[in-house]
Amino acid sequence: MNFIFLGPPGSGKGTQAKRVCSELDILHLSTGDVLRENVKNGTELGMTAKTYMEAGDLVPDEVIVGMIEDKLKNGELDNGFVLDGFPRTVPQAEALKEMFANNNKSIDRAILLDVSDEEVVKRLSGRFYCPTCNAGYNYPAKMPKVEGVCDSDGSKLLRRPDDEEDVVRNRLDVYKKQTEPIVAFYRNESVLTEIKAEGSIDAIFDELLKITKEFK
Ligand code: AP5
């Protein structure tokens, strides 16, 4: 079960990938999460990525492709996965195709989560997270019991620096210019499935499970 979740920022890739992977017992690989962890720990990769991420721009292809290549070599992709946030450019999609061809792997489905720009801005301006346990909250969809405080450990909730409205607008522009062309790439490969991702989180999860479980 090898899947890619595609879609603009805030389309729900992370939310859904986490649930689908837990249900199917496969790996959830979010390049954004790996990069944020590296920024937090001050690694060389994190220092390279930080400026791009804070501006809402993409980290250079060779950095990201190298990261995925390491995971492939370590066997982390051997038992099924959802790639969340990768590939994000045509060169990344081509590099993945070549890496997989050399390792007898393939993508079963690339699933596009389609949402409008207004919905993206609304979701990301309401997103908060706990820096201690990483729990996610969203105003008004998923509020903490006490405003600004994590339900689990009482930490003060934070916003991602790239969720400021001007950065979100740039992330949307970057998505349209650099990432949207990979939709055609996967359509040509005959593995693309598109879903409307503006209903409830539960309804979208059910739809994704139906699609992915066919490959079990
Ligand atoms: P990344 O972390 O991948 O950010 P993104 O793609 O912009 O995605 P988000 O995490 O913002 O959104 P999502 O689609 O996962 O939605 P989520 O489930 O969180 O990347 C960050 C940065 O890292 C990039 O800008 C780039 O700099 C760099 N990077 C990463 N990968 C790279 C690559 N391959 N190449 C180069 N650079 C790379 O949901 C969002 C909010 O909406 C949440 O609060 C959630 O609760 C809520 N929500 C979700 N679904 C619903 C729903 N159905 N209804 C109502 N609310 C909902």
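The values are calculated or read from the model by the stated rules, or taken from the named source; none is laboratory data. This one's a predicted model, so the numbers in the text were calculated from it and none came from an experiment. Don't worry about glycine lacking a Cβ; one is built from the backbone with ideal geometry, like all the others, and counts go over all protein chains shown. Areas reflect the complete protein model, heavy atoms only, side chains present, ligands, DNA and RNA absent. Shrake-Rupley method; radii C 1.70, N 1.55, O 1.52, S 1.80 Å.
What number of residues within the stretch 37-48 satisfy the criterion of being open to solvent by 50 Å² or more (accessible area, probe 1.4 Å) and either farther than 22 Å from Pro8 by Cα or near the ligand (Cβ under 7 Å from one of its atoms) (or both)?
Within the stretch 37-48, the first condition is being open to solvent by 50 Å² or more (accessible area, probe 1.4 Å), and the residues that meet it are 37, 40-41, 44, 47-48.
Applying the additional criterion that residues be either farther than 22 Å from Pro8 by Cα or near the ligand (Cβ under 7 Å from one of its atoms) (or both) yields 40-41, 44, 47-48.
So the count comes out to 5.
Checking each residue of the stretch 153-168 against the condition of being among the polar types (S, T, N, Q) and out of contact with any Asp or Glu (no Cβ under 7 Å at 6 or more places or on another chain) gives at least one match. Within the stretch 1-24, being touching a residue at least 24 places away in the same chain (Cβ under 8 Å), open to solvent by 20 Å² or more (accessible area, probe 1.4 Å) and more than 8 Å from the ligand (Cβ to nearest atom) holds for Met1, Asn2, Arg19, Glu23.
Within the stretch 170-216, the residues that satisfy the criterion of being more than 16 Å from the ligand (Cβ to nearest atom) and closer than 20 Å to Ser116 by Cα are Ala184, Leu192, Thr193.
Residue by residue, here is whether (1) touching a Pro at 6+ places or on another chain (Cβ under 6 Å); (2) at pLDDT below 95; (3) farther than 21 Å from Ile201 by Cβ holds:
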position	(1), (2), (3)
Asn2	no, no, yes
Leu24	no, no, no
Ser30	no, no, no
Asp61	yes, no, yes
Lys97	no, no, yes
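Quick check on Thr51: is it surrounded by fewer than 18 Cβ atoms within 10 Å (Cβ to Cβ), polar (S, T, N, Q) and near the ligand (Cβ under 10 Å from one of its atoms)?
Details: surrounded by fewer than 18 Cβ atoms within 10 Å (Cβ to Cβ): yes; polar (S, T, N, Q): yes; near the ligand (Cβ under 10 Å from one of its atoms): yes.
In short, yes.
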